[in-house]
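Notes follow the structure.
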Amino acid sequence: MNREPDFSRINFEYLLQAQDVATQNPRLAALMLGISPELTQLFSQVTPQALSYIVQIKEPLLTLRQEPLWWGRFFKAIDRGAKDEIEFVLEHVSIITATQAGGNKP
């Protein structure tokens, strides 16, 4: 009984949330989605009904955005149950994202 993964609802929900961000903060949405500001503007105007066509795509549209070093540290902290380390690593997501939004490499 081998089922193919179906990320269609997750893709749709993510894009609905991202669309809210695009309406309020187009620059941040462009960074989140990895698209140009022009596409972000167009994306923010798409109706939810039209956006629902995305559910035809079953493959995940999301990718891990942080560096492998970050993910390694995060997963190891989870494996050890190191709550302080987990919190420390999670705090750095906002720092990394803000740095990238400013056009600088972390």
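Each value in this text was obtained by applying a stated rule to the coordinates, not by laboratory testing. These figures come from a predicted structure and were not determined experimentally. When we count neighbours, we look across all protein chains shown, and the Cβ atoms used for this are built from the backbone with ideal geometry, even at glycine.
The Rg/Rh ratio of segment 20-96, with Rg taken over Cα atoms and Rh as the Kirkwood radius over Cα pairs, comes to 1.10.
By its C-alpha gyration tensor, with a ≥ b ≥ c as the square roots of the eigenvalues, how is segment 8-56 shaped: rounded for a/c under 1.5, else prolate for a/b larger than b/c, else oblate? Prolate, because a/c is 1.5 or more and a/b exceeds b/c. Peptide packing: for 39-49, 54-64, 10-20, the average count of neighbouring Cβ atoms within 10 Å per residue gives the ranking 10-20, 39-49, 54-64, highest mean first. Distance from the Cα centroid of segment 2-20 to that of segment 58-87 is 20 Å (rounded to whole angstrom).
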